[in-house]
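The values are calculated or read from the model by the stated rules, or taken from the named source; none is laboratory data. Keep in mind the model is a prediction, meaning the values are calculated, not measured. The area values use the complete protein model at the heavy-atom level, side chains included, leaving out ligands, DNA and RNA. Shrake-Rupley method; radii C 1.70, N 1.55, O 1.52, S 1.80 Å.
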Amino acid sequence: MAKYLLLKHYRGAPASVNDVPMDQWTPEEISAHVQYMNDFAARLEKTGEFVDGQALAPEGAWVRYDGEG
């Protein structure tokens, strides 16, 4: 089965409907978001698609490869 690495990065994307930085969310909004992500990961685990989950920091180096293969 194919495995994919999904990275979310929103800089430069259109503003979302709730365009509020996460550090301004209410505790309830944060809890709901974390629960959604945990539920999503659990569904992927059941199908064998989930490998790992780690947060990305806004600072740091990144690598992009646009070549063959």
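Miscellaneous remarks
- 3J(HN,Hα) along the range 39-52, derived from phi through the Karplus expression 6.51 cos²θ - 1.76 cosθ + 1.60 where θ = phi - 60°, amounts to 5, 5, 4, 4, 5, 5, 4, 4, 8, x, 8, 7, 10, 6 Hz, with x in place of Gly and Pro.
- In sequence order, the range 23-33 has phi-based couplings of 5, 10, 6, 6, x, 5, 5, 5, 4, 5, 5 Hz under the Karplus curve 6.51 cos²θ - 1.76 cosθ + 1.60, θ = phi - 60°, and Gly or Pro positions carry x.
- Rounded accessible area of residue 40 (nearest 10 Å², 1.4 Å probe): 80 Å²
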